[in-house]
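Novice: So that we are looking at the same thing, I have put the structure below in structure tokens.
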Amino acid sequence: MIKVCKFGGTSMADGNMMKRVASIIKSDDSRRYVVVSAPGKRFGGDVKITDLLYACYESVKETGSCGDAFAKIADRFRGIVAELGLKMAIEDVLDDTRRAIERERSADFTASRGEYLSARVMAALLGFEFIDARDVVKFRADGQLDSELTFDLTAQALKGKKYAVVSGFYGEGADGRIKTFSRGGSDISGAIVARAAMADLYENWTDVSGFLACDPRIVENPVGIRAMSYKELRELSYMGANVLHSESIFPVRAANIPIQIKNTFRPTDEGTMILPISKYTYSGRIVTGIAGKKNFAVIFIEKSLMNAEIGFARKVLSAMEKHGVSFEHMPSGIDTMSFVIDSESLKHGILEELLEDIRKAVNPDNLRVFDDIALIATVGHGMSKNVGTSAKLFDAIARAGINVRMIDQGSSELNIIVGVDNDNCERAIRAIYEEFFKKSEATFGL
Ligand code: ASP
């Protein structure tokens with residue numbers, strides 16, 4: 001039995017937390033490979049090491065030196081090493097790190113040092129070997145993970161090592177320079193190590209006892225999700241349920257390795273199991289979870305006989321490609337087509353240029369943009385098995401007096417996505433939750 005354990009920033013926040021992590025690892029012999037984040041927040045208002053490092057990079061960019069910005073980072077690590085009573089030449093390591101940050105002058109390199117240092121400290125504490133992610137996690141020239149090479153190199157590095165600690169969040173780009181994943185990316189690193197080790201389980205240790213059916217800031221005390229499929233996870237995490245990075249399923253999914261979300265503060269809690277659909281036992285609930293994300297724009301295109309115009313969509317899509325704009329959903333009708341796009345990617349004049357290009361390309365009868373749209377995904381394999389699910393959902397939203405601006409039901413029947421005005425996002429989530437988790441709870445069943 002091999003378990004790969006990833007510990008997030010809160011679990012690594014200070015020496016005490018690291019001791020707690022070490023005791024969790026040592027309590028189970030099968031917890032052989034460990035991936036760690038950089039130290040996160042110790043208390044509300046504290047600053048994550050990764051954020052301190054990004055601030056440090058700003059100083060390097062402007063002045064060529066870390067200036068005072070490195071002092072806080074050095075202090076945190078000095079404190080951790082002292083608290084743990086480790087015999088580590090931490091001053092030398094910190095000095096080297098500061099010099100390397102000034103030499104490299106790269107945001108990714110600077111940010112990666114949090115994980116680098118915390119993995120080295122954790123390896124020393126556990127007495128495990130340290131594997132630098134730079135040597136095993138490789139990106140292609142287009143910036144995407146080179147999965148095959150990465151799995152091979154990681155498997156080779158693990159071979160013959162009973163135990164090891166691997167730094168999370170970063171790897172090496174095709175140009176030989178350090179490159180990070182997007183924020184929260186140590187979850188992906190953990191999944192890579194789990195895949196390379198062909199682990200039986202990928203344990204992802206964080207500061208909550210798994211996924212909840214929706215955001216507890218929106219609904220008080222929502223029910224926990226005991227088990228879900230990789231697909232449900234992908235939908236929910238993409239739409240803002242941020243317990244786990246939405247890309248972390250890819251390395252493990254192909255090898256059917258389950259992910260378990262565990263809470264470092266309550267290690268005996270069961271957490272959430274994320275499983276391949278074949279091993280997934282249906283919970284009896286119609287809906288597994290609800291997640292919402294704000295700030296989308298909808299570009300609405302109308303043209304009579306659009307359906308007969310071959311190449312219409314291609315022309316619109318080419319205009320979007322030209323401006324580097326990707327879309328989330330594309331609901332369409334006979335003579336209409338809409339694109340739901342993250343508003344952020346349309347800023348700085350891109351929207352105006354894109355509209356102009358669409359006008360030129362397809363000469364629409366009507367071209368409009370709706371702004372400030374929130375998308376709400378109601379996700380669950382159970383939806384396809386129950387007649388009337390969408391009726392219930394739309395009824396609940398209507399009863400709350402909320403206008404639906406867009407609907408997209410994936411053909412997999414795994415989710416129904418509705419677009420509402422940003423201001424109605426929370427109320428709509430509450431209405432859907434009430435409907436599926438409170439009101440009809442007694443009538444659930446297949
Ligand atoms: N430390 C990085 C971040 O704060 C990566 C991670 O923790 O997963 O985003």
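The values are calculated or read from the model by the stated rules, or taken from the named source; none is laboratory data. Everything numeric here is computed off the predicted structure, so don't read it as measured data. Note that each Cβ is placed from the backbone with ideal geometry, even for glycine, and that neighbours are counted across all protein chains shown. Surface areas here come from the heavy atoms of the whole protein model, side chains and all, with no ligands, DNA or RNA. Shrake-Rupley method; radii C 1.70, N 1.55, O 1.52, S 1.80 Å.
Novice: Considering only segment 20-60, how many residues are of a type outside the set (Asp, Glu) and within 16 Å of the ligand (Cβ to nearest atom)?
Specialist: Qualifying residue count for the region: 20.
Novice: Would you tally the residues in segment 402-434 being open to solvent by 60 Å² or more (accessible area, probe 1.4 Å) and more than 24 Å from VAL223 (Cβ to Cβ)?
Specialist: 5
Novice: Continuing with the same structure: List pairs: first residue in segment 180-194 and touching a residue at least 12 places away in the same chain (Cβ under 8 Å), second residue part of a helix (DSSP H, G or I) and charged (D, E, K, R) anywhere in the structure, Cβ distance under 7 angstrom, at least six positions apart or on different chains.
Specialist: Between residues of segment 180-194 that are touching a residue at least 12 places away in the same chain (Cβ under 8 Å) and residues that are part of a helix (DSSP H, G or I) and charged (D, E, K, R), the close pairs are THR180/ASP108; SER186/GLU115.
Here's the yes/no breakdown for (1) assigned to a strand (DSSP E or B); (2) crowded, with 22+ Cβ neighbours inside 10 Å:
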| position | (1), (2) |
| --- | --- |
| ASN242 | no, no |
| VAL252 | no, yes |
| ASN256 | no, no |
| GLN260 | yes, no |
| ASP269 | no, no |
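Novice: Being open to solvent by 40 Å² or more (accessible area, probe 1.4 Å) and free of Cβ contacts under 8 Å to residues at least 40 places away in the same chain is the filter here, so list the residues in segment 361-389 that pass it.
Specialist: SER384, VAL387
Novice: Same structure, new question: If you take just the helices (runs of 4 or more DSSP H) that sit entirely in segment 104-182, which of them hold at least 1 residues that are surrounded by 19 or more Cβ atoms within 10 Å (Cβ to Cβ), of a type outside the set (A, V, I, L, M, F, W, C) and out of contact with any Phe, Trp or Tyr (no Cβ under 8 Å at 6 or more places or on another chain)?
Specialist: Result: 107-126, 147-158.
Novice: So, one more: Considering only segment 72-89, state which residues are open to solvent by less than 50 Å² (accessible area, probe 1.4 Å) and at pLDDT 95 or above.
Specialist: Selection gives ILE73, ALA74, ARG76, PHE77, GLY79, ILE80, VAL81, LEU84, LEU86.
Novice: A further question follows. Restricting to segment 223-240, what's the tally of residues that are assigned to a loop (DSSP other than H, G, I, E, B), at pLDDT 90 or above and buried (at least 20 other Cβ atoms within 10 Å of the Cβ)?
Specialist: So the count comes out to 1.
Novice: Confirm whether ILE290 is modelled with pLDDT of 95 or more, under 30 Å from ILE218 (Cβ atoms), outside any helix (DSSP H, G or I) and touching a helix residue (DSSP H, G or I) at 6+ places or on another chain (Cβ under 8 Å).
Specialist: So ILE290 passes the test.
Novice: Does THR50 fit the bill of being touching an Asp or Glu at 6+ places or on another chain (Cβ under 9 Å) and closer than 29 Å to ALA157 by Cα?
Specialist: The answer is yes for THR50.
Novice: While we're here: Test each condition in (1) surrounded by fewer than 23 Cβ atoms within 10 Å (Cβ to Cβ); (2) charged (D, E, K, R); (3) touching a strand residue (DSSP E or B) at 6+ places or on another chain (Cβ under 9 Å) for ASP187 and report the one that comes out false.
Specialist: So ASP187 meets the others, but not (1).
Novice: In segment 167-178, what count of residues is obtained for those that are within 13 Å of the ligand (Cβ to nearest atom) and farther than 16 Å from GLY9 by Cβ?
Specialist: The total comes to 1.
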